[in-house]
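Encoded as structure tokens, the structure appears first; notes follow it.
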Amino acid sequence: MNTRTWTVLRRDGVSIVLAHPEAGLPAVLHWGADLGDLTDADLAALDRATARQTAPGTLDAAWRVPLVPQESDGWAGRPGLLATRDGRPVFPRWTSAVEHEDGHGLRLAATDADSGLVLRTSLEIGAGGLVLLDHEIEHVGEGVLEVAWLEAALPVPKSADHLTQFTGRWAREKAPLTAPMPRGTTVRETRRGRGGHDSPWVTLASEGAPRDRDGGVWAVHLGWSADVRHRTDRLTEHVSLLGAGELVRPGEIRLAPGEAYRTPTAYFSWSDTGLDGVADRFHTWMRARPQHPGTPRPLVLNTWEAVYFDHDPARLEALARKAAAVGVERFVLDDGWFHLRRDDTAGLGDWEVDPAVWPDGLGPLADLVHGLGMQFGLWFEPEMVNLDSDLARAHPDWLLANPASVPAPEGLSFRTQYVLDLAHPGAWEHLRSRMSALVGALGIDFVKWDHNRDLVEAVHEGRPGTHEQTLAAYRLIARLKADHPGLEIESCSSGGARTDLGILQYTDRVWASDSNDPVERQEIQRWTELVLPPELIGAHVGPSPAHSSGRATPLSYRIATSLQGSAGFEWDLLACDEEETARITAFAALYKELRGLLHTGAVVHPETVDPALRVRGVVAPDRSEAVYTVCTTASLEDALTERLRLDGLDPERRYRVRVREEIGAAQRGWVHPQWLDGGETVLPGRVLTGIGLQLPTLWPVQALMLHATAV
Ligand code: DGJ
């Protein structure tokens, strides 16, 4: 029996209050604002103040929704756990105990001897007030326990009356859609074996439509790189729940006695300062991780859009020289370097340098790149294999597939590639040894780790295999990094189809999208940085017109957009004229000057009225400086533009605000605001944050960069 009545967890502006019943799992009375120190009398009163009423037509008792609610608790929403033993339903009646508690986190163990189950829960308020919740179910009874799902959920108040979900497609990842909170249980799922371009990403419950800098928002994200479900339960007779869990297929999680299933971690962020508050908790937590990249994020050149599959060593060496000359610090050779890989129909799996294209191997290029003072990066797509490869010919049994679908039926192939079964020890070891050998021999500093297809009919030894595949991929990345200290890895998946906090526990940045169109990128990056801090978001200057959209944009706009992330180029710099070369050289210097601020500061999105304006700032932790970019995506509505409030500055200090012309001058209306006459102004922070600066009449698709420094 439980001996506690309540637990209070507190950290960084957030409290969680749990009530422990005599029998059953604890219930969360509160997740949200820090309630300060609470006495037992306060807690008893809080318990009563939030107690459920027994409405007519519902259960007789005033019970609470426990941490893992079930039918056996009288919960009429989606159960937290659904399991069967030998085909029969299991309705656990838990006895729980707190095993460990330290003021901001606890571990619980709950048992039910009759149903032969142990449930272990970890609930923690991490740095920044981000809440981490995961469960593990262990089978200690007889027979086979099949887990259909085990999900994490926390309560949100009924005032959270809007639901924001995310969708997307290739080159347009992470598009939000907001609607009034639907009634009943709402489940949003993905079944692609990777997050997908339309990944649920984050689910937001908010008071009204979510705003950038204001209002209550409750968010959940699942740290898992494959199939997921996000859920809300808005029932009339219960508190509302927000949660997420792994989507497993029937028969995928079958536990023999002594076996356990652990859920991915669900991350919950609450804010009363709108979306920026939600993001701030994610960023603070991410940045506090020991594995968070601690070195300045290098300026990258990636060769994909420069040469695609057309690898010519002399041209790539010339590109490396030009890259180094403008200030690039990491040169990444993309797809096309390995055996048979002249297009995307062959070669995946054969991680041997193609002597037909690289007669002397990649050693000379890697040496040149290192000699020029840059890091050397190389593209792999480890989980994939083409049937036209030595690997598939030698090991057809290493495919993660329904054998009846190999080769894929007409019309059902996917970039003509198949998935390698990483849960097969031979396949895993083949990858490890090939990749490790290349990393060692070439001194590879960085791997761009791609994943360009969905998992379809992912069968491992006759059973659904996505869960094991995902864990095996994590193990492989972890092992390579352990064997090659300092190796950095980027998670790419046809752009941003795998950017979750599961993969990011092992990797160092993501490729946010295959769209290098900066107008599209304004949206994609804005919503990617709802979870990821900008230093983890690959954002490169591409050519104009953009290859993915055909849209022409000024170089200044492309530079401003790249500066909003981990910057670089996806461009044939050999084709740049003198003026462009001078501009990108200035950009490289500006990035190096500002990245200390851009990659450690708080990201703010000052609210504006005109729908064509995208405004974003980064404020140094000590608020001594900040950089804001103002980008237009279309023509502005008003002849007299609105004022820009420089949110985040210290109202008690004075700041010099100047335009950073290094990105290139923005084209603007013929009369500009007076403060721009000298290119700068000095004002108290309270004026800049409270009244703001008159914006110039920027033309469509123009970028202005402002730098505020305390004087
Ligand atoms: C998809 C990636 O998103 C691109 O950046 C590029 O690496 C290609 N794959 C290469 O095949």
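The values are calculated or read from the model by the stated rules, or taken from the named source; none is laboratory data. Computed from a prediction, not measured in an experiment: that's the story for all the values here. Reconstructed Cβ throughout: ideal geometry from the backbone, glycine too, with neighbour counts over all protein chains shown. Only protein heavy atoms, including side chains, enter the accessible area calculation; ligands, DNA and RNA are left aside. Shrake-Rupley method; radii C 1.70, N 1.55, O 1.52, S 1.80 Å.
Applying the selection to the range 292-322, what residues are touching a Lys or Arg at 6+ places or on another chain (Cβ under 9 Å) and more than 16 Å from the ligand (Cβ to nearest atom)?
The answer is Pro293, Pro296, Arg297, Pro298, Leu299.
Hey, among Ala51, Ala61, Ala76, Ala55, which residue is within 14 Å of Glu237 (Cα to Cα), assigned by TED's automatic domain parsing to the domain that holds Thr186 and not in a strand (DSSP E or B)?
Being within 14 Å of Glu237 (Cα to Cα), assigned by TED's automatic domain parsing to the domain that holds Thr186 and not in a strand (DSSP E or B) holds for just one of Ala51, Ala61, Ala76, Ala55, which is Ala76.
Can you run down the residue pairs with Cβ atoms below 8 Å, 6 or more apart or on separate chains, where the first is in the range 483-494 and over 10 Å from Met435 (Cβ atoms) and the partner is within 11 Å of the ligand (Cβ to nearest atom) and open to solvent by 30 Å² or more (accessible area, probe 1.4 Å)?
Between residues of the range 483-494 that are over 10 Å from Met435 (Cβ atoms) and residues that are within 11 Å of the ligand (Cβ to nearest atom) and open to solvent by 30 Å² or more (accessible area, probe 1.4 Å), the close pairs are Ser494/Trp170; Ser494/Asp514.
If I go through the range 508-525 residue by residue, how many of them are polar (S, T, N, Q) and within 13 Å of the ligand (Cβ to nearest atom)?
3
Kindly provide the set of residues from the range 360-386 that are without any contact (Cβ under 8 Å) to a residue 40 or more places away in the chain and open to solvent by 60 Å² or more (accessible area, probe 1.4 Å), ordered by number.
Listed by number, the residues that qualify are Asp367, Gly371.
Of the residues that sit in the range 314-349 and are in a helix (DSSP H, G or I) and touching a Phe, Trp or Tyr at 6+ places or on another chain (Cβ under 6 Å), which one is nearest to Val369 (Cα to Cα)?
Filtering the range 314-349 for residues that are in a helix (DSSP H, G or I) and touching a Phe, Trp or Tyr at 6+ places or on another chain (Cβ under 6 Å), the one nearest to Val369 (Cα to Cα) comes out as Ala320.
Please tell me if Pro290 is more than 30 Å from Trp351 (Cα to Cα), without any contact (Cβ under 8 Å) to a residue 60 or more places away in the chain and not in a helix (DSSP H, G or I).
Against the criterion (more than 30 Å from Trp351 (Cα to Cα), without any contact (Cβ under 8 Å) to a residue 60 or more places away in the chain and not in a helix (DSSP H, G or I)), Pro290 qualifies.
I'd like the full set of residues that are of a type in the set (S, T, N, Q) and open to solvent by less than 60 Å² (accessible area, probe 1.4 Å), limited to the range 625-671.
Hits for the range 625-671 are Thr629, Thr632, Thr633, Thr641.
Take residues that are surrounded by fewer than 17 Cβ atoms within 10 Å (Cβ to Cβ) and tell me which of the strands (runs of 3 or more DSSP E) falling wholly in the range 142-232 contain 3 or more.
The strands (runs of 3 or more DSSP E) meeting that bar are 172-180, 184-190.
Could you tell me how many of the residues in the range 655-676 are of a type in the set (D, E, K, R), at pLDDT 90 or above and touching a strand residue (DSSP E or B) at 6+ places or on another chain (Cβ under 6 Å)?
So the count comes out to 3.
Given the conditions (1) open to solvent by 40 Å² or more (accessible area, probe 1.4 Å); (2) within 16 Å of the ligand (Cβ to nearest atom); (3) farther than 24 Å from Glu246 by Cβ, and given that Phe446 satisfies all but one, which numbered condition is not satisfied?
Every listed condition holds for Phe446 apart from (1).
Output the residues belonging to the range 328-357 that are more than 16 Å from the ligand (Cβ to nearest atom) and touching a strand residue (DSSP E or B) at 6+ places or on another chain (Cβ under 9 Å).
Selection gives Val328, Glu329, Glu352, Val353.
From the list Arg475, Arg453, exactly one residue is in contact (Cβ under 8 Å) with a residue 40 or more places away in the chain and away from the ligand (no atom under 16 Å from the Cβ). Which is it?
Within the list Arg475, Arg453, the selection yields Arg475.
Select from the range 350-370 the residues that are under 17 Å from Leu319 (Cβ atoms) and outside any loop (DSSP other than H, G, I, E, B) and list them in ascending order.
Residues satisfying the conditions are Pro364, Leu365, Ala366, Asp367, Leu368, Val369, His370.
Regarding Val456, is this residue open to solvent by less than 10 Å² (accessible area, probe 1.4 Å), hydrophobic (A, V, I, L, M, F, W, C) and within 21 Å of Arg415 (Cβ to Cβ)?
In short, no.
For Ile489, are the conditions met, namely being of a type in the set (Val, Ile, Thr), more than 16 Å from the ligand (Cβ to nearest atom) and out of contact with any His (no Cβ under 9 Å at 6 or more places or on another chain)?
Spelling it out, it is not the case that Ile489 is of a type in the set (Val, Ile, Thr), more than 16 Å from the ligand (Cβ to nearest atom) and out of contact with any His (no Cβ under 9 Å at 6 or more places or on another chain).
Go through the range 265-285 and count every residue that is aliphatic (A, V, I, L, M) and surrounded by fewer than 21 Cβ atoms within 10 Å (Cβ to Cβ).
Going through the range 265-285 one residue at a time, the tally reaches 0.
Take Leu106 and decide whether it is at pLDDT 95 or above, open to solvent by less than 10 Å² (accessible area, probe 1.4 Å), in a strand (DSSP E or B) and under 25 Å from Pro290 (Cβ atoms).
Yes, satisfied.
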